[in-house]
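The values are calculated or read from the model by the stated rules, or taken from the named source; none is laboratory data. None of these values were measured; they are calculated from a predicted model. Counting neighbours? That spans all protein chains shown, and the Cβs are built from the backbone with ideal geometry, glycine included. Only protein heavy atoms, including side chains, enter the accessible area calculation; ligands, DNA and RNA are left aside. Shrake-Rupley method; radii C 1.70, N 1.55, O 1.52, S 1.80 Å.
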Amino acid sequence: MKKAVVVFSGGQDSTTCLVQALQEFDEVHAITFDYGQRHKLEIEVAQALTKKLGVTAHKVLDVGLLNELAISSLTRDDIPVSHELQENGLPNSFVPGRNILFLTLAGIYAYQIGAHTVITGVCETDFSGYPDCRNDFIQAMNSALVKGMDRELEIRTPLMWLNKAETWALADQYQSLDLVRNETLTCYNGIIGDGCGDCPACHLRKAGLNDYLDNRAAVIESLKQKNNQ
């Protein structure tokens with residue numbers, strides 16, 4: 001029996017990964033992290049989506065310690081999300097160590113349930129400048145988990161080389177475009193669906209959707225070519 005663990009936030013990317021995983025695996029377990037993020041609504045959205053989609057199990061883990069250690073606009077209500085980069089070249093929405101922690105815990109969960117695949121929606125093509133969304137980080141993390149647990153494990157990143165338009169096309173391929181558009185939460189200001197329209201996450205999401213809707217045939221062909229590589 002093929003089992004997978006999906007790191008699931010209830011946003012566009014992780015939901016697209018989840019609907020794909022449900023077609024490819026016999027058992028799909030979702031894991032969501034409560035780290036005192038700016039909008040706890042995303043946990044409720046994740047719970048509603050996993051129930052609607054019928055995942056095997058959905059675990060919500062309290063990792064509030066991350067909030068104490070990592071200062072970011074996504075962990076502090078008094079720090080507004082900025083479009084400008086900080087002196088270190090990173091956006092102030094970057095949460096240091098977040099994906100290191102999340103993938104470690106997802107790997108442990110996979111170990112316990114007998115899954116050999118962890119799926120995460122990180123992307124290097126249309127990312128927000130986060131170093132823990134890059135392929136070299138994922139490869140290093142994958143190697144560390146395999147060595148540290150002495151067990152076969154693959155961290156799968158279906159969106160790594162897709163742009164946002166192609167991510168929308170992938171959701172549409174699994175008949176989930178409307179679900180992803182209307183019921184996910186990507187907005188940094190906590191507005192479900194199309195969001196506030198002003199934060200960096202909304203800008204990226206909207207630009208990708210418009211590109212897909214305006215150039216559907218070309219985007220679908222580009223997605224096919226990448227899937228066949």
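Pull up the stretch 1-49, narrow it to residues that are among the polar types (S, T, N, Q) and more than 12 Å from the chain's Cα centre (by Cα), then point me to the one that is farthest from LEU61 (Cα to Cα). Outline the logic, then answer.
Narrowing the stretch 1-49 to residues among the polar types (S, T, N, Q): 9, 12, 14-16, 20, 23, 32, 37, 47.
Then drop every residue that is not more than 12 Å from the chain's Cα centre (by Cα), which leaves 20, 23, 37, 47.
Numbers: GLN20: 23, GLN23: 25, GLN37: 13, GLN47: 12 Å.
Only one residue tops the list, namely GLN23.
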Report, by residue number, each residue of the stretch 36-59 that is surrounded by fewer than 20 Cβ atoms within 10 Å (Cβ to Cβ) and either among the acidic types (Asp, Glu) or not in a loop (DSSP other than H, G, I, E, B) (or both). LEU41, ILE43, GLU44, GLN47, ALA48, LYS51, LYS52, LEU53, ALA57, HIS58, LYS59
Of residues in the stretch 131-157 being under 26 Å from LEU22 (Cβ atoms) and either in contact with a Gly (Cβ under 6 Å, 6 or more places away or on another chain) or not in a helix (DSSP H, G or I) (or both), the one most open to solvent (accessible area, probe 1.4 Å): GLU152
Filtered residues of the stretch 176-186 (kept if open to solvent by less than 60 Å² (accessible area, probe 1.4 Å) and either farther than 20 Å from GLN37 by Cα or in contact with a His (Cβ under 8 Å, 6 or more places away or on another chain) (or both)): SER176, LEU177, LEU179, VAL180, LEU185
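Residues in the stretch 114-129: is at least one more than 26 Å from LEU170 (Cβ to Cβ), at pLDDT 90 or above and surrounded by fewer than 14 Cβ atoms within 10 Å (Cβ to Cβ)? Give the steps one after another, and end with the answer.
Filtering the stretch 114-129 down to residues more than 26 Å from LEU170 (Cβ to Cβ) leaves 114.
Restricting the remaining residues to those that are at pLDDT 90 or above gives 114.
Imposing the further condition that a residue be surrounded by fewer than 14 Cβ atoms within 10 Å (Cβ to Cβ) reduces the set to 114.
Yes.
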As an exercise: evaluate GLU183 against (1) touching a Leu at 6+ places or on another chain (Cβ under 7 Å); (2) closer than 30 Å to GLN112 by Cα and give the number of the one condition it does not meet. (2)
Of the residues that make up the stretch 195-210, is at least one loosely packed, with under 15 Cβ neighbours inside 10 Å, within 18 Å of SER9 (Cβ to Cβ) and at pLDDT below 95? yes
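Looking at LYS52, LYS59, which one is among the basic types (Lys, Arg) and under 28 Å from CYS196 (Cβ atoms)? Full working, then the answer.
Values: LYS59 fails: under 28 Å from CYS196 (Cβ atoms).
Being among the basic types (Lys, Arg) and under 28 Å from CYS196 (Cβ atoms) holds for just one of LYS52, LYS59, which is LYS52.
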Pick from the stretch 23-35 the residues that are surrounded by 18 or more Cβ atoms within 10 Å (Cβ to Cβ) and without any contact (Cβ under 8 Å) to a residue 60 or more places away in the chain: which of them is farthest from GLY195 (Cα to Cα)? VAL28
Test of understanding: among ASN215, ASN228, ASN163, ASN189, which residue is open to solvent by 50 Å² or more (accessible area, probe 1.4 Å) and under 19 Å from the mean Cα position of the chain (by Cα)? ASN189
Sort through SER9, SER14 and tell me the only one that's polar (S, T, N, Q) and not in a helix (DSSP H, G or I). SER9
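With the condition kept exactly as written, say whether any residue in the stretch 99-115 is assigned to a loop (DSSP other than H, G, I, E, B), more than 16 Å from the chain's Cα centre (by Cα) and over 24 Å from ASP34 (Cα atoms). Walk me through it before giving the result.
In the first step, residues of the stretch 99-115 are kept if they are assigned to a loop (DSSP other than H, G, I, E, B); the result is 114-115.
Retained after the next criterion (residues that are more than 16 Å from the chain's Cα centre (by Cα)): 114-115.
Next cut, over 24 Å from ASP34 (Cα atoms) only: none.
No: zero hits.
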